[in-house]
1. Run residue 175 past the list (1) in contact with a helix residue (DSSP H, G or I) (Cβ under 9 Å, 6 or more places away or on another chain); (2) closer than 26 Å to residue 219 by Cβ and report the number of the one that doesn't hold.
2. Could you list, ordered by first residue, the pairs with Cβ atoms under 7 Å in which the first is in the range 212-229 and free of Cβ contacts under 8 Å to residues at least 24 places away in the same chain and the second is of a type outside the set (S, T, N, Q) and not in a helix (DSSP H, G or I), at least 6 apart or interchain?
3. From the list 209, 166, 219, which one is assigned to a loop (DSSP other than H, G, I, E, B) and either out of contact with any Asp or Glu (no Cβ under 7 Å at 6 or more places or on another chain) or farther than 19 Å from residue 70 by Cα (or both)?
4. Which count do you get for residues in the range 139-162 that are closer than 16 Å to residue 187 by Cβ and either of a type in the set (Ser, Thr, Tyr) or not in a helix (DSSP H, G or I) (or both)?
5. Quick test for you: out of 79, 125, pick the one residue that is at pLDDT 70 or above and part of a loop (DSSP other than H, G, I, E, B).
6. Looking at the structure I just gave you, is residue 178 surrounded by 18 or more Cβ atoms within 10 Å (Cβ to Cβ), more than 24 Å from residue 14 (Cα to Cα) and not small (Gly, Ala, Ser)?
7. Looking at the range 187-206 only, could you name the residues that are crowded, with 17+ Cβ neighbours inside 10 Å and closer than 13 Å to residue 143 by Cα?
8. Hey, residue 240 hits all of (1) surrounded by fewer than 17 Cβ atoms within 10 Å (Cβ to Cβ); (2) at pLDDT 90 or above but one; which does it fall short on?
Amino acid sequence: MAVHLGPAFPADLHRHFAVQVFLALDGSFSLRAGTGDAWRGYTAAVVPSNVWHQLDAQPVPLAMIYLDPLSPLARGLPGASAGSRAITAIQSELAAPLGEALRWAGDRSSAIREALEGLLANRSGGEPVALDERVALALEVLQREPERLPSLPEIAARAGLSPQRFRHVFRQQTGITFSAYRLWNRVVGATRLLAKTSDLTWTAHASGFSDSAHLSRTFHRAFGLKPSDVFKSGRFRLVLCD
């Protein structure tokens, strides 16, 4: 989980693997799900994994929370279940404790997580189905070694499956191809490094990208922004959470 805190500013239409929670700390913001979609106002909203969206650049204090869609926390949020394809508004009374935590918790990620878990009280179904242990093992390896770029045959061998069978099981369980997830995981690793350093070239190589331009293009496709828009502007504070 990662939380960006700061004013809203323009982002191009984009989508990414994360489940994203938007929360206005004061006032409201606008989102749309595509170029032909109408802008809609929200005080809090959930954007499911891989759903196109764009944020209007209203200068309101805003929290943007990024969750791994395979985590129990994300899979239990209203509007974020597997297969969800629409932006879902969060009722203000449910979002209020989270807003208070984000205003006053500072960098205390435990307080933010506790408030976010409060949203699970509004879950519409039962407990999310556990991931296949072979897929869970692959995810663990990828998250532990994002820069090493383990290949599909290597990961499949660790899982005890043929590459073709592993490819099928992975996509069935996660909703994303192995190669797409591997790339997303590298972007996440780069984001964590950029929160600590402004050296884009070093971060690109440390995260397994060919150069800074490759990282910038991939980051822009995922978030609708260049890394410099976020990390060199000083307008956002990033809280990294386990």
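1. Of everything listed in (1) in contact with a helix residue (DSSP H, G or I) (Cβ under 9 Å, 6 or more places away or on another chain); (2) closer than 26 Å to residue 219 by Cβ, residue 175 misses just condition (1).
2. Pairs found: 216/226.
3. After ruling out the rest, the residue left standing is 209.
4. 2
5. None of the others qualify; the one that does is 79.
6. no
7. 187, 188, 189, 190, listed by residue number.
8. (2)
The values are calculated or read from the model by the stated rules, or taken from the named source; none is laboratory data. Quick caveat, the model's predicted, so the values are computed rather than measured. Every residue, glycine among them, receives a Cβ derived from its backbone with ideal geometry; neighbour counts consider all protein chains shown.
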